[in-house]
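*Asks:* Take this structure, written in structure tokens, and hold onto it; I'll ask about it next.
Quick note: the coordinates plus some simple rules give every number you see, no bench work behind them. All figures in this text were calculated on a predicted structure; none of them were measured in a lab. Because the Cβ atoms are built from the backbone with ideal geometry, glycine has one as well, and the counts that use them run over all protein chains shown.
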Amino acid sequence: MTSLSVRTGRSAMPRVRVVNHSAEKKVLGTNGQLQSAVVDDAGAVVGRYVGAQNLPFVGFAVEAGRGTEVPVLVGTDSVVPRLGYAVPPGQWHLVVLLDVDRERTVSAPLPLTVTP
């Protein structure tokens, strides 16, 4: 994923490349897209998409040693009352939630610019 920017209070659905570094095929469990959260420099969640979503199981198979592009839902709705209803413009980080073969993990933080 190249540098990502999203308008404050809005959402976007870019694609991210997920690479399987293991020796066996893995399946990413999603509802059609990966979920994500906006975090501050300390790693605390400050925003995410908070609207309704369909919840069918959509698996993305990733072969051993290969990668695949998967859509990720990015929302800048604030979950911290002091920030107001939306994550304010500025430099933030994005973490992507990964459900791999029913084990959950979080990606390393990716740079995110929230614009006015």
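*Asks:* Give the relative contact order (percent, whole number) for the stretch 4-115; include only Cα pairs under 8 Å separated by 6+ residues.
*Replies:* Working: 283 pairs, mean separation 42.0, N = 112.
Relative CO of the stretch 4-115 lands at 37 percent.
*Asks:* In nm, to one decimal, how far is the Val58 label point from the Val79 one, both placed 7 Å along Cα→Cβ?
*Replies:* Result for the modelled spin labels: 2.1 nm.
*Asks:* Let me ask you something else. What is the order of Thr113, Thr30, Thr105, Thr68, fewest Cβ neighbours within 10 Å to most?
*Replies:* Values: Thr113 12, Thr30 20, Thr105 9, Thr68 15.
Listing Thr113, Thr30, Thr105, Thr68 from fewest to most nearby Cβ atoms yields Thr105, Thr113, Thr68, Thr30.
*Asks:* Separate question: Mind checking the full-extension length gain between Glu24 and Asp41? Use 0.36 nm per residue of separation minus the Cα-Cα distance, one decimal, nm.
*Replies:* Gain on extension, Glu24 to Asp41, equals 2.7 nm.
*Asks:* If you restrict to DSSP beta bridges whose two residues both lie in the stretch 4-115, what percentage is antiparallel, to the nearest 5?
*Replies:* Expressed as a percentage, antiparallel bridges in the stretch 4-115 total about 85.
*Asks:* Just to confirm my numbers, what's the Cα centroid distance between the stretch 49-116 and the stretch 14-36 in Å?
*Replies:* First find each Cα centre; the distance between them is then 12 Å.
*Asks:* I would also like to ask the following. Please go through the stretch 41-85 and write out the chymotrypsin sites (Phe, Trp or Tyr not before Pro) that DSSP classes as loop and that have at most 12 other C-beta atoms within 10 Å.
*Replies:* Listed in order of number, the matching sites are Phe57, Tyr85.
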